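Data block below; observations after.
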Amino acid sequence: MSDYRLHCFALSGNSYKVALFLQLAGADWESVFVDYLGGETHTDRYRSEVNEQGEAPVLEHNGLKLSQSGVILDYLAKTTGQFGPTSDDEAREIWRWMLFDNHKFTSYYATLRFMVGVKKSEETPVTAFLRERAVGAYRIVDKHLVGKDFILGSRPTIADISLAGYVFMPEPTGIESSEFPAIEAWKARLKQLPGWRHPYDILPGPTSL
Ligand SMILES: N[C@@H](CCC(=O)N[C@@H](CS)C(=O)NCC(=O)O)C(=O)O
């Protein structure tokens, strides 16, 4: 058995955050497919045996079962000594961006991308609202990245890995990547990191409905 078991699925950028860390850290890991489209996260079994919050990703390691990608990334940084902070100031800065990612950058974009890009829903006031909020979050990250290689400056941390959850997903959302040149340059730098792989190459399960 591998050192790490990641309950995950390909459409899940939140799962990709953890998979990407494991890839970049050169960890020995395996995926456990979560049949989200088949309703698995809503089953009593999943909620009692895997995650009471009914979500992926879940990471199993050394008898622990961890959920919430931010918590998992923090755990992995601490236990592997990779992509973590080197001071209390850096630790706070990393959490500031991981919380912004969870609350704004990932959440609005991921919901928009699922509705418009995956489910192919027609445009509604809800999708327009989500796009406006997602664009607002993208503008903030793009501005922060101007003149920096990564979120904290010159080296990648779990803040970058968290923010990277959905940025490589290929589905159209009506948001133009050309509007965010600093994010595009940052994505190119992430792709150059040893071990980087595209989400659909490392996560199991369907990539469309
Ligand atoms: N804040 C959570 C979000 C996790 C999340 O939303 N996971 C989605 C897949 S990307 C999920 O499993 N949803 C299941 C459901 O809503 O039934 C994290 O970062 O891990």
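Data table
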| read-out | value |
| --- | --- |
| Segment 64-191 - percent relative contact order, Cα under 8 Å, separation 6 or more | 31 |
| H198-E132 FRET efficiency (beta carbon distance; Förster radius 25 Å; 0.05 resolution) | 0.35 |
| Of the DSSP H helices in the chain, those whose Cα atoms cover at least 24 Å axially and whose Kyte score averages 0.5 or more | none |
| Accessible surface of the chain [probe 1.4 Å, protein heavy atoms]: carbon and sulfur percent | 50 |
| Computed [θ] at 222 nm, helices only, for the chain once each DSSP H run of length n ≥ 4 contributes -39500 (n - 2.57) | -13000 deg cm²/dmol |
| Contour excess over end-to-end distance, with Cα ends at V146 and Q82 and 0.36 nm allotted per residue | 20.6 nm |
| Listed residues D142, D89, D160, most fluctuating in the chain (Gaussian network, C-alpha, under 10 Å) | D89 |
| Segment 1-136: C-alpha gyration tensor shape, a/c 1.5 cut-off, then a/b vs b/c | oblate |
| Links that overshoot a 26 Å alpha carbon limit, given the list K65/K191; K104/K148; K17/K65; K17/K120; K17/K78; K78/K191 | K65/K191 |
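The values are calculated or read from the model by the stated rules, or taken from the named source; none is laboratory data. Small disclaimer: the values here were computed from a predicted structure and weren't measured. Every residue, glycine among them, receives a Cβ derived from its backbone with ideal geometry; neighbour counts consider all protein chains shown. Accessible surface areas use protein heavy atoms only, side chains included; no ligands, DNA or RNA. Shrake-Rupley method; radii C 1.70, N 1.55, O 1.52, S 1.80 Å.
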